[in-house]
């Protein structure tokens with residue numbers, strides 16, 4: 001494991017850095033950690049455990065996929081409430097003052113200097129860690145980001161179970177959607193429950209599209225990955241789709257059993 005920053009305040013970590021598989025995994029919302037000096041951004045613990053602070057279950061699924069593909073994994077180590085590593089610094093929701101209807105007191109009225117400090121402390125090291133991980137490949141890897149979403153959003157139930165998000169390059173997402181339909185993969189949809197119009201494909205646009213990497217952003221409804229058993233099962237479900245879909249797009253992915261690396 002390598003980190004971007006000191007161990008106690010790293011913005012990102014690179015897991016399985018020596019992985020030899022032709023896949024790069026990314027989890028921008030892996031952690032709900034907020035350093036003590038931010039005073040929990042004025043939020044109660046219940047909200048800090050909720051989806052507004054991180055993507056519950058996403059990191060665990062990503063770690064199982066590390067084992068499936070012997071892939072390196074770049075994961076954020078701080079809450080998205082401090083800085084959303086899937087947004088550009090200028091985006092209003094990079095340091096959201098309101099999230100899913102909840103006011104974030106510690107993000108209200110941030111000065112330009114305070115915003116710049118968050119960018120320096122969290123955005124820049126995360127991007128550098130991801131760029132370094134990408135540079136380790138001699139050819140463009142299959143680039144996959146892992147996220148989770150809530151079953152209910154602002155009072156509206158979501159029926160989709162897995163979203164396969166894409167930006168300008170839809171090759172891998174569409175191939176995976178075709179396989180999911182063929183194999184009875186449940187409620188799987190393209191660009192749901194979010195899409196490029198929501199600004200959620202920033203990492204794909206910044207790192208995957210410029211190098212021509214096959215890419216997809218996988219969104220999983222978090223009630224389906226709420227336990228270690230279901231997280232492992234979801235990774236075991238996704239791994240063959242990823243491998244076969246990549247093959248259909250011309251990229252061979254050796255597949256091992258989906259499990260966390262030692």
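The values are calculated or read from the model by the stated rules, or taken from the named source; none is laboratory data. Quick caveat, the model's predicted, so the values are computed rather than measured. Glycine gets a Cβ as well: all are built from the backbone with ideal geometry, and neighbour counts include every protein chain shown.
Below is a table of values for the structure above.
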{"read-out": "Among the candidates 243, 239, 235, residue that is in a helix (DSSP H, G or I), under 15 Å from the mean Cα position of the chain (by Cα) and at pLDDT 95 or above", "value": "235"}
{"read-out": "Those residues of the stretch 101-122 which are in contact (Cβ under 8 Å) with a residue 24 or more places away in the chain and over 24 Å from residue 12 (Cβ atoms), in sequence order", "value": "101, 102, 105"}
{"read-out": "Check on residue 123, surrounded by 19 or more Cβ atoms within 10 Å (Cβ to Cβ), under 30 Å from residue 46 (Cβ atoms) and touching a helix residue (DSSP H, G or I) at 6+ places or on another chain (Cβ under 7 Å)", "value": "no"}
{"read-out": "Criterion: in a helix (DSSP H, G or I) and more than 15 Å from the chain's Cα centre (by Cα) - qualifying residue of 189, 180", "value": "180"}
{"read-out": "Qualifying residue in the stretch 78-99 (condition: surrounded by 13 or more Cβ atoms within 10 Å (Cβ to Cβ), in contact with a strand residue (DSSP E or B) (Cβ under 6 Å, 6 or more places away or on another chain) and modelled with pLDDT of 95 or more)", "value": "yes"}
{"read-out": "Of residues in the stretch 100-110 being part of a loop (DSSP other than H, G, I, E, B) and in contact with a helix residue (DSSP H, G or I) (Cβ under 9 Å, 6 or more places away or on another chain), the one nearest to residue 43 (Cα to Cα)", "value": "104"}
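Per-residue answers, yes or no, for (1) touching a helix residue (DSSP H, G or I) at 6+ places or on another chain (Cβ under 9 Å); (2) at pLDDT 95 or above; (3) surrounded by fewer than 21 Cβ atoms within 10 Å (Cβ to Cβ):
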site	(1), (2), (3)
6	no, no, yes
12	yes, yes, no
18	no, yes, yes
25	yes, yes, no
35	yes, yes, yes
39	yes, yes, yes
42	yes, yes, yes
